[in-house]
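This report refers to the structure that appears directly beneath it.
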Amino acid sequence: MPAPSLPIPHPQPAGTTFWRRIALVWLGLCVLMLIINARILAEVKFPDPDDLLRLLQVRDWIGGQSWFDVHQYRINPPAGAAMHWTRLIDPPIAAVILALRPLVGQQLAELGALTLIPLITFGCVMALVARFAHRMFGIKVGLFACLVLALSVPVLHQLRPLRIDHHGWQIVMALIALNAVFAANPRKGGVITGLALAFWLTISIEGLPLTGAVMGLFALRWLRDSRDAAWLSHGMASLALGSAGFWFLSHRPAELPIEYCDVVSGAHLALLGVTAAGCWLATRLAQPKLLQQVLALGLTGTVGLATAVALAPQCAGGDAFAALDPVVREFWYLRVSEGLPIWHQSISDAVQTVSLPLLALVGLALRWRVSTGACRWLWAEYALLVGAALVVAVLVERASAVAAAFAAPIAAAQ
């Protein structure tokens, strides 16, 4: 029997008029952001040191440093510092610089990239939020969700001019996954979800908690109805294969045995591969019963974690930066405020982190209460993802932009 379809309220495409309006809203907001940020653009005052370091990484790559070499040789010369950063978000920045450089020179070309790339990323985020809001709540809410997004300080902070580090692309990948989780076709939705999450993990290992939440949701769908197995099997398979593909695209094969805790490495690929194989086998059980499904998932998870721990026992504690020099840890890592929980933030920052997701959860609870049947599951699943994003944001403040982006559609509907 075919898998039951999700009861998406507005499954039809929005049409060209809708997207023209979204483009106009985006252009208007871009002009507003340029005006607001005119001074920092004129002074080239980077929001964060990582944005400056990203520009230096791109400069070095354009200047002849290997694609596979992300050492920063300005730090700790002559050996340099291993950045553990991915090259995969450098090409858009480099492309703008190389396109503009013959026309305006290196300095203005870099300023053009520093301005255009965050605004283009902002456009991608707006389009994905608008698409999701339209499918769930209709055209008017799709438009209004973009305005709600534009009022979210955590989102604007990660997408303003000069913000060229990886945080904007993390939001884009999270929203691609959110849209795909509620796709009409389980196989296509599972594959797109897995690939988006794989790219997110390649950008930053901070995507791991929400990756677990999404795959946990796919597992719940299979437990609820065994005909929904494609979500889990295809999602995990594309997550594992995509992660391996992105790793080999940006690393030399000889680096595979080197285990790092703060970036996808061999142990993570093994964990994902074993889990994907286990889920694929589990979903092929003939006429599975709930107990068999739970045992199969439990065994798969146990074997996957055991494999990862055996390959990288130093990462078993869950602290990706446990190997840092104690002085560096004390005077740098523990003082990066955006990486700390909200109880270490100011009251205003804490409120900005939790307000929009909490409003979204209230709205989803109200819709769940008045719904019946499959629609209840729809709102419950959406709430699970918003709730998971909120928990991560509470523990790591810089994750609040993803939580706000997830919350914008239902908050706009409210």
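Structural remarks
- Residue match in the range 261-279 (condition: surrounded by 24 or more Cβ atoms within 10 Å (Cβ to Cβ), within 26 Å of R376 (Cβ to Cβ) and more than 19 Å from the chain's Cα centre (by Cα)): yes
- Annotation: of all residues in the range 280-293 being part of a helix (DSSP H, G or I) and buried (at least 16 other Cβ atoms within 10 Å of the Cβ), the one that is nearest to the chain's Cα centre (by Cα) is W280.
- Count of the range 176-208 residues, restricted to those that are in a helix (DSSP H, G or I) and open to solvent by less than 20 Å² (accessible area, probe 1.4 Å), is 17.
- Hits in the range 32-47 - residues which are under 26 Å from the mean Cα position of the chain (by Cα) and either open to solvent by less than 30 Å² (accessible area, probe 1.4 Å) or closer than 15 Å to P91 by Cα (or both): M33, N37
- The number of residues in the range 195-235 being over 29 Å from G339 (Cβ atoms) and of a type outside the set (F, W, Y) comes to 14.
- Close pairs from the range 369-389: first more than 12 Å from L217 (Cβ to Cβ), partner β-branched (V, I, T), Cβ under 7 Å, at least 6 apart: A389/V402
- Residues satisfying the stated conditions in the range 251-279, i.e. part of a loop (DSSP other than H, G, I, E, B) and either of a type in the set (A, V, I, L, M) or in contact (Cβ under 8 Å) with a residue 40 or more places away in the chain (or both): H251, R252, L256, I258, E259, Y260, C261, D262, V263, V264, S265
- T211 being under 21 Å from A306 (Cβ atoms), at pLDDT 95 or above, open to solvent by less than 10 Å² (accessible area, probe 1.4 Å) and out of contact with any Pro (no Cβ under 8 Å at 6 or more places or on another chain): yes
- Residue in the range 224-247 that is among the charged types (D, E, K, R) and surrounded by 24 or more Cβ atoms within 10 Å (Cβ to Cβ) present: no
- Test: residue in the range 102-125 that is β-branched (V, I, T) and free of Cβ contacts under 8 Å to residues at least 24 places away in the same chain: yes
- Looking across the range 1-31, just one residue is of a type in the set (F, W, Y) and crowded, with 18+ Cβ neighbours inside 10 Å, and that is W26.
- Any hit, the range 59-70, residues being without any contact (Cβ under 8 Å) to a residue 40 or more places away in the chain and in contact with a Ser or Thr (Cβ under 9 Å, 6 or more places away or on another chain): yes
- Failed item in (1) farther than 28 Å from A14 by Cα; (2) more than 18 Å from the chain's Cα centre (by Cα); (3) open to solvent by less than 10 Å² (accessible area, probe 1.4 Å), with G142 passing the rest: (1)
- Residues of the range 137-167 satisfying the condition of being in a helix (DSSP H, G or I) and either among the polar types (S, T, N, Q) or free of Cβ contacts under 8 Å to residues at least 12 places away in the same chain (or both): K140, Q158
The values are calculated or read from the model by the stated rules, or taken from the named source; none is laboratory data. This structure is a prediction, so every number in the text was calculated from the model and none was measured. Reconstructed Cβ throughout: ideal geometry from the backbone, glycine too, with neighbour counts over all protein chains shown. Heads up: the accessible areas ignore ligands, DNA and RNA and are worked out on the full protein's heavy atoms, side chains in. Shrake-Rupley method; radii C 1.70, N 1.55, O 1.52, S 1.80 Å.
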